[in-house]
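Colleague: Right, I'll just put the structure down here and ask away after.
Values quoted throughout were computed directly from the atomic coordinates according to the rules given, and no laboratory measurement underlies them. Keep in mind that what you see is a predicted model, and the values were worked out from it rather than measured. Every residue, glycine as well, gets a Cβ built from its backbone with ideal geometry; the counts of neighbours run over all protein chains shown.
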Amino acid sequence: MLTQGAAAALIDYKLWADELTFDHVVKLPPGEARRERPTLFKSIIGTLNHIYVVDMIWRAHLEGREHGFTSRKVILHDDIAQLRDAQRACNEWFKDWCLRQTDATLNEAITFLFISGDAGRMSRGAIVLHFVNHGTYHRGWVDDLSYQVPAEPPTTDLCVYFAQ
């Protein structure tokens, strides 16, 4: 499904987009990242925690171990600097992991359990595509919440990354 080069490019894009998003969020007026808003994850920091939790779940699946989460709505880091450090470390793990993959290993399917307990089976490459896309989707939520501050979020589109 994905070549090693394509997977590495997508993960590099995720690192870039996450950094721009965190750069933006740390510059918001005090309290805005935690301000409760009418959204599923309650706040900007709640949405960013969701991205991180889901990344950690997929990381565990790729490592072939239990992730220990029973919900995707967990606030693991209420402090934006701590969350940024944790997300950065997770992203670096993904980057290092991807560099050790081949086209063949990315096309191998692995089995796992969803949070619901349902069984799943996906190729490692499909998992990369999913968690990169998932992060992009929810960074869009952060953008919408930023406009409510009001604050202009950064442009983190894939085409902007590739056009640099």
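Colleague: Calculate the FRET efficiency for Ala104 and His134 from the Cβ-Cβ distance with a Förster distance of 30 Å, rounded to the nearest 0.05.
Modeller: 0.75
Colleague: Select from segment 31-81 those GluC sites (Glu not before Pro) which occupy a DSSP coil region and have at most 15 other Cβ atoms within 10 Å, ordered by residue number.
Modeller: Glu36, Glu66
Colleague: While we're here: Considering the dipole of segment 1-57 built from charges on the beta carbon (Lys and Arg +1, Asp and Glu -1) around the Cα centre, which of Met56, Ser43, Leu2 is farthest to its positive end?
Modeller: Ser43
Colleague: Along the charge dipole of segment 4-163, which of Phe114, Trp93, Trp16 sits closest to the positive end, that is, farthest toward it, with unit charges on the beta carbon of Lys, Arg, Asp and Glu (+1, +1, -1, -1)?
Modeller: The Cα lying farthest towards the positive end belongs to Phe114.
Colleague: Roughly how big is the chain's charge dipole about its Cα centre, with Cβ charges of +1 (Lys, Arg) and -1 (Asp, Glu), in debye to the nearest 20?
Modeller: Result for the chain is approximately 300 debye, rounded to the nearest 20.
Colleague: Ok, one more. So how do 70-78, 39-47 stack up, highest first, on mean other-Cβ count within 10 Å?
Modeller: By packing density, highest mean first, the sequence is 39-47, 70-78.
Colleague: Let me check against my output: what whole-number percent is the relative contact order of the chain, with C-alpha pairs under 8 Å and at least 6 apart?
Modeller: 35
Colleague: A further question on this structure: Cα centroid distance between segment 1-76 and segment 141-155, in Å?
Modeller: If you average the Cα positions of each part, the centres end up 16 Å apart.
Colleague: I've got another one for you. Let a ≥ b ≥ c be the square roots of the eigenvalues of the Cα gyration tensor of the chain; is it rounded (a/c under 1.5), or, if not, prolate (a/b larger than b/c) or oblate?
Modeller: Oblate shape, in that a/c is at least 1.5 and b/c is the bigger or equal ratio.
Colleague: Additional query: I want to check a number: in the chain, how many lysine pairs have alpha carbons closer than 22 Å, given a sequence separation of 8 or more or different chains?
Modeller: Here the count comes out as 5.
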